[in-house]
Amino acid sequence: MAIRSANEALMNLPPRIRTFSKRKRSSEWWDVEVLQFYDDEQWIADFRMNRQIFFRLVDLLKDKMAPTENTFFEGLSVQKKIAIAVYKLASCAEYCVIAKGFGVSKSTSAKLLSWPNASECERIASRFEQKFKLPNIIGVIDGTHVPIKSLQDGATDFRNRKGYSSIAVQAIVDDQYLFKNITKQNHGCAHDASVLRGSSLHKNHN
């Protein structure tokens, strides 16, 4: 019996059906470990606030952040949205790490605190003008200082103009008071202009 060539054999094979499996994401860490078993000490360690303050924050923002139809975050609870944002700010963890802990995609965790795209900017500017009669505004910027314990090494760098040690934080919010950009890596002695120049907003949109 003649031996068929490889090409001939492959041509006679039935077509292969390609299958794709969607990776299941687990939010067990957040849904079970944190919500059911974390005490205040663990809450403060991971979220920089205790359980009571966290749920007070959820209560204050629930009307503005409630899930709506046909949005990027459809089905994502207010509680989880706030938890993801707070955890990112408290830990500086990578988005892939946050995504695993909360059972969401990396893009979802990144989207919760990101600069708006062109169409979003237009909508924000329109709302700003309707509410405050100011055209072409897409964000309000300000800075604050988060107190830290005095350090032995480099204490002068962290001492702000009011005389205590801190981290300089810059934040931008939209017309709905939602954070769109946060910079939190500067020593307390840093001038506001330096904080702005070192921010991702300035680097990516200048």
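Within the shell defined by Cβ-Cβ distances under 14 Å, the residues around residue 199 carry a net charge of +2, with Lys and Arg each +1 and Asp and Glu each -1. Listed cross-link partners 100/131; 62/203; 80/184; 133/203 are compared with a 27 Å cut-off, the Cα-Cα value being larger for 100/131; 62/203; 133/203.
Relative to the Cα centre, what is the charge dipole magnitude of region 118-205, using +1 at the beta carbon of each Lys and Arg, -1 at the beta carbon of each Asp and Glu, and rounding to the nearest 20 debye?
Values: 12 positive and 9 negative charges, 35 e Å.
I would put it at about 160 debye.
FYI, it's all coordinate maths here, none of it is from the lab. Keep in mind that what you see is a predicted model, and the values were worked out from it rather than measured. Every residue, glycine as well, gets a Cβ built from its backbone with ideal geometry; the counts of neighbours run over all protein chains shown.
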